[in-house]
1. Got a number for residues in the stretch 58-84 being more than 14 Å from Ala110 (Cα to Cα) and surrounded by 12 or more Cβ atoms within 10 Å (Cβ to Cβ)?
2. Going by what's in this entry, would Trp299 be described as under 29 Å from Ile196 (Cβ atoms), under 44 Å from the mean Cα position of the chain (by Cα) and either at pLDDT 90 or above or among the aromatic types (Phe, Trp, Tyr) (or both)?
3. I need the full set of residues from the stretch 65-96 which are in a strand (DSSP E or B), under 16 Å from Arg113 (Cβ atoms) and of a type outside the set (D, E, K, R), in order please.
4. Go through the stretch 164-194 and report how many residues are of a type outside the set (A, V, I, L, M) and in contact (Cβ under 8 Å) with a residue 12 or more places away in the chain.
5. Out of (1) under 22 Å from Pro117 (Cβ atoms); (2) at pLDDT below 75, what's the single condition that is false for Pro61?
6. Please verify whether Ala161 is part of a helix (DSSP H, G or I) and either under 30 Å from Ala191 (Cβ atoms) or modelled with pLDDT of 90 or more (or both), treating the condition exactly as stated.
Amino acid sequence: MTEPTTPAPRVTSHTYEGDSGPCRAEAYGQTCGAPRDVHELDEGHAPLLPEREQEIRESDPGDWYRAPWTTDYVEGNGEADDPSYWRVISEGATIATLPDFAGNLALFIAEAREAVPELLAELDRVRAERDKWAAHLNATAQGAGRLQNQVDRLTAERNRAVRAFESLAQKHDKAKTERDELRAEAGPTRAVLDEIHAERARQEEKWGEQNHPDVDPRDIPYVTHGYYASHADIWRQVNEERAKPSRSLGRCTGHPEGPHPHTAWDGVLLEKAYEALAEEDPARLRAELIQVAAVAVAWVEAIDRRAAAPAEGTDH
């Protein structure tokens, strides 16, 4: 009995240093005589040799059996002389028959009629693309020295930029620390004013500079200001009533025991806002608006303190 021989490992194509041409050796050293270690071993795939490729191209039936090919299942009566089978059909003609269990194979044959030419066309396209990029890479390689010089120059510039950025980052961190220290010294009011400054910048960016009259020019000034003055008076009375310690049955549930004030921010702000709106003199109006802004800041600070305070009933 003849001992089975181990087939030579298959190899992928490589470039042989002798002539820079592609090596299509089917096994080590068969065609080009290149040393074994210059081949890239691929145990699971053999290269498509030119002879095999030509065989595949010449196997195309051309116009003999036009595409597309389809499959059809013919059901027999179950007897040996009339079995079920699959047909591969081209323009109504049966070009192949297969057993009834070979439906997938029949479909493969039918699909191959168009798939093989498509794959060969794609192979040609990929090769053309490969050749194009090979030429491009070859041209690019010729300028490698110049590119390397540019890389070195850009690297030096980048290093300078990194150092400058690090220096700026250190200055930024220092300025941020100083700013935080100043904020801590200034207290919560400074933090709120910073937010107001940012909001004003946002408003300027969105709306631009705004210049409007103080009240509707269609109104009678003394009537409009009188209306606002009456509302300022109403809220002044409301605030005075709230400030007096009292305890209302049914309304003070959960409040401190005994009489206590009920001053609230809504009344404080509305009183100041209506007082400002009641002013006709620009200087007094400006002064009142500053007071309105200050009350709004104080209200925001109170909200922040409320949010930062531990919840009632929690451990301190």
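The values are calculated or read from the model by the stated rules, or taken from the named source; none is laboratory data. What you see is a predicted model; the values in this text were computed from it and never measured. As a convention, Cβ positions derive from the backbone with ideal geometry for all residues, glycine included, and neighbour counts pool all protein chains shown.
1. Going through the stretch 58-84 one residue at a time, the tally reaches 4.
2. It is true that Trp299 is under 29 Å from Ile196 (Cβ atoms), under 44 Å from the mean Cα position of the chain (by Cα) and either at pLDDT 90 or above or among the aromatic types (Phe, Trp, Tyr) (or both).
3. Matches in the stretch 65-96: Trp69, Thr70, Thr71, Trp86, Val88, Ile89, Ser90, Ala93, Thr94, Ile95, Ala96.
4. Going through the stretch 164-194 one residue at a time, the tally reaches 2.
5. Tallying (1) under 22 Å from Pro117 (Cβ atoms); (2) at pLDDT below 75, Pro61 fails exactly one: (2).
6. yes
Residue-by-condition table, conditions (1) assigned to a helix (DSSP H, G or I); (2) modelled with pLDDT of 90 or more; (3) surrounded by 11 or more Cβ atoms within 10 Å (Cβ to Cβ); (4) β-branched (Val, Ile, Thr):
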{"position": "Thr155", "(1), (2), (3), (4)": "yes, yes, no, yes"}
{"position": "Glu166", "(1), (2), (3), (4)": "yes, yes, no, no"}
{"position": "Ala175", "(1), (2), (3), (4)": "yes, no, no, no"}
{"position": "Glu185", "(1), (2), (3), (4)": "yes, no, no, no"}
{"position": "Ala191", "(1), (2), (3), (4)": "yes, no, yes, no"}
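Yes/no per residue for (1) in a helix (DSSP H, G or I); (2) under 20 Å from Ala296 (Cα atoms):
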| site | (1), (2) |
| --- | --- |
| Ala198 | yes, yes |
| Glu209 | no, no |
| Tyr222 | yes, no |
| Gly226 | yes, no |
| Ala232 | yes, yes |
| Trp235 | yes, yes |
| Asn239 | yes, yes |
| Glu257 | no, no |
